[in-house]
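Accompanying notes for the structure given below.
Bear in mind that the values in this text are calculations on the coordinates, not laboratory data. No experiment lies behind these values; they were computed from the predicted model shown. All Cβ positions, even for glycine, are placed from backbone atoms using ideal geometry, and neighbour counts span all protein chains on display.
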Amino acid sequence: MKDGLKIMDSDMHVREPGDLWEKYMEPEWRDRAPRILSSTARSSAMVMLEGRILRGYPPSHRGGIFDATRIDEEIAEARARGFDGVSQLDAMNKEGLDLAVMYPSIGLGVMMRDELDPRLAAAVARAYNNWLYDFCQTDPQRMKGAAMISLHDVGEAVQEARRAVTELGFVAVFARPEPLRSMPWHSRYYDSLWSTLEELGIPIGFHSAASAGEVRQIGDLFGDDLLLRHICEHPMSNMLAMVDIIAGGVLERHPKLKVAFLECYCGWVSFLLHRMDGAMEKARNAPLTQMKPSEYFKRQCWISTESERELPMIADLIGNDNIVYSTDYPHGDSDFPHAVEEFLEVDGVPQETKKKILWDNCARLYDL
């Protein structure tokens with residue numbers, strides 16, 4: 001809590017230990033477990049999967065996109081502890097977070113290979129989720145999990161989503177906004193997953209990464225220039241996913257599905273909703289939706305912000321009910337441990353809007 005406001009981080013990152021999958025994979029899959037070959041515990045790692053290294057950061061970018069020393073001092077104690085649950089809780093206390101939903105770092109890329117044995121992928125997800133459950137036991141009232149699911153077999157994804165909620169107490173599932181095998185999110189292939197998430201009452205959180213995995217990305221235009229990839233990837237991949245989910249009719253078919261677009265800033269969302277509304281209204285062919293795209297967004301979607309100067313304008317244009325807050329701890333572009341302070345200092349944001357963004361909207365998203 002800061003300035004008398006309760007604060008929930010919609011997307012706080014964990015830093016996975018190097019032996020996660022070696023320790024948590026079920027015995028029958030352990031010899032095929034992902035192996036983290038190198039990690040600076042900052043923003044990058046090399047992962048061996050099925051005999052070859054998963055494409056990601058090149059060796060010249062060990063330490064990530066940003067200055068490797070940018071927040072070194074601020075996270076030195078966490079690094080010394082191996083970014084364990086105690087250090088995560090300490091980081092929450094420093095930022096004034098009352099509650100946080102945990103998303104991965106290395107885990108954002110480990111599923112991003114089109115051709116992967118679906119049973120292996122499901123085992124990788126179960127192992128990550130079992131580790132995250134143990135991690136959150138440091139303080140299960142304040143630390144909540146977002147589950148990894150394998151979309152190589154949507155039936156496995158459905159099964160793991162159910163287990164994650166009913167047995168592990170998780171409050172969301174996550175996916176990269178770039179779909180596997182270039183299969184759009186509005187494909188009927190995913191319908192059983194959307195129905196299951198509706199039934200469970202949990203959202204899917206879309207979260208991109210600049211260069212983690214082998215699935216086609218917008219940033220591929222820039223090759224290994226990770227700064228340019230980073231600038232484009234997080235917002236633009238989420239833009240495509242939003243168009244896919246809304247204009248493709250997913251929210252029309254699944255009116256109780258909740259969707260979050262995370263770590264992508266929100267300054268673009270009014271423009272995209274306006275463009276979708278106009279295009280759908282003028283379309284020659286019968287659209288897949290009955291309402292305006294902006295109405296589906298307000299009914300079923302959330303988008304995260306950090307400390308954007310455009311926030312007052314966006315909240316005025318789309319309302320203040322669908323924006324949630326994120327610190328991006330402990331990544332190199334995070335403003336930890338002053339991220340919340342910087343958000344509170346954004347000019348022109350009324351106190352009631354701050355209250356909604358920092359707690360109320362996120363509590364509604366995750367049903368907490």
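Taking the Cα centre as origin and putting +1 on Lys and Arg beta-carbons and -1 on Asp and Glu beta-carbons, what dipole magnitude results for region 8-365, to the nearest 20 debye?
1000 debye
The structure shown yields semi-axes √(5λ) of the Cα gyration tensor in Å, and of the options (1) 38, 23, 19; (2) 32, 26, 22; (3) 29, 26, 20 that calculated value carries the label (3).
DSSP beta bridges fully contained in the chain are about 25 percent antiparallel.
Ordering T327, T166 by the number of other Cβ atoms within 10 Å of each residue's own Cβ, fewest first, gives T166, T327. Once backbone amide H atoms are built at 1.01 Å from N, K258 has I204 as its partners under 5 Å, excluding neighbours fewer than 5 places away on the same chain.
Fully extending the segment from E252 to E28 would add 76.5 nm, taking 0.36 nm per residue of separation and subtracting the current Cα-Cα distance.
Note on region 8-365: dipole from Cβ charges, positive end direction compared against L358, S307, Y190; the farthest Cα belongs to Y190. Here the label points at E341 and D316, each 7 Å from Cα along the C-beta direction, are separated by 2.9 nm in the simple model. Between M48 and S192, full extension at 0.36 nm per residue minus the direct alpha carbon distance yields a gain of 48.7 nm.
Farthest toward the positive end of the dipole of the chain, out of A147, H254, Y103, is the Cα of H254, where the dipole comes from beta carbon charges about the Cα centre.
The base-10 log of I(q)/I(0) for region 209-280, evaluated at q = 0.14, 0.16 Å⁻¹, reads -0.51, -0.65 [Debye formula, identical scatterers on Cα atoms, solvent excluded]. For the pair T166 and D367, the difference between a 0.36 nm per residue extended length and the Cα-Cα distance amounts to 70.9 nm. Using θ = phi - 60° in the Karplus curve 6.51 cos²θ - 1.76 cosθ + 1.60, the 3J(HN,Hα) couplings for region 181-188 round to 6, 6, 8, x, 5, 7, 4, 5 Hz; x is entered for Gly and Pro.
Comparing M236, P337, P293 along the charge dipole axis of region 217-368, the residue lying farthest to the positive side is P293, per the Cβ-charge model.
Placing pseudo-labels 7 Å out from each Cα toward the beta carbon at F271 and D139 gives an inter-label distance of 3.9 nm. Under 10 Å, Cα contacts only: if you run a Gaussian network model on the chain, which one of L200, L317, L54 comes out with the highest mean-square fluctuation? Answer for the Gaussian network model of the chain: L317.
Rg ratio for region 241-368: its Cα radius of gyration over 2.2 N^0.38 Å, N being its residue count, equals 1.11.
For the chain, a Gaussian network of Cα nodes joined below 10 Å ranks I106, I202, I71 by mean-square fluctuation, and the top entry is I71.
What does the helix-only formula give at 222 nm for the chain: each DSSP H stretch with n ≥ 4 adding -39500 (n - 2.57), the total divided by the residues, and the result rounded to the nearest 500 deg cm²/dmol? The helix contribution divided over the chain gives -10500 deg cm²/dmol. Computed from the C-beta positions of M1 and D84, the FRET efficiency with R₀ = 30 Å rounds to 0.80. Applying a DSSP loop filter and a limit of 15 other Cβ atoms within 10 Å to the chymotrypsin sites (Phe, Trp or Tyr not before Pro) in region 293-341 leaves nothing. Placing pseudo-labels 7 Å out from each Cα toward the beta carbon at R216 and E115 gives an inter-label distance of 1.7 nm. Rounded to the nearest whole Hz, the Karplus-based 3J(HN,Hα) values (6.51 cos²θ - 1.76 cosθ + 1.60, θ = phi - 60°) of region 331-348 follow the sequence 6, x, 9, 6, 9, 3, x, 10, 4, 5, 4, 5, 4, 5, 8, 4, 5, x, with x at glycine and proline.
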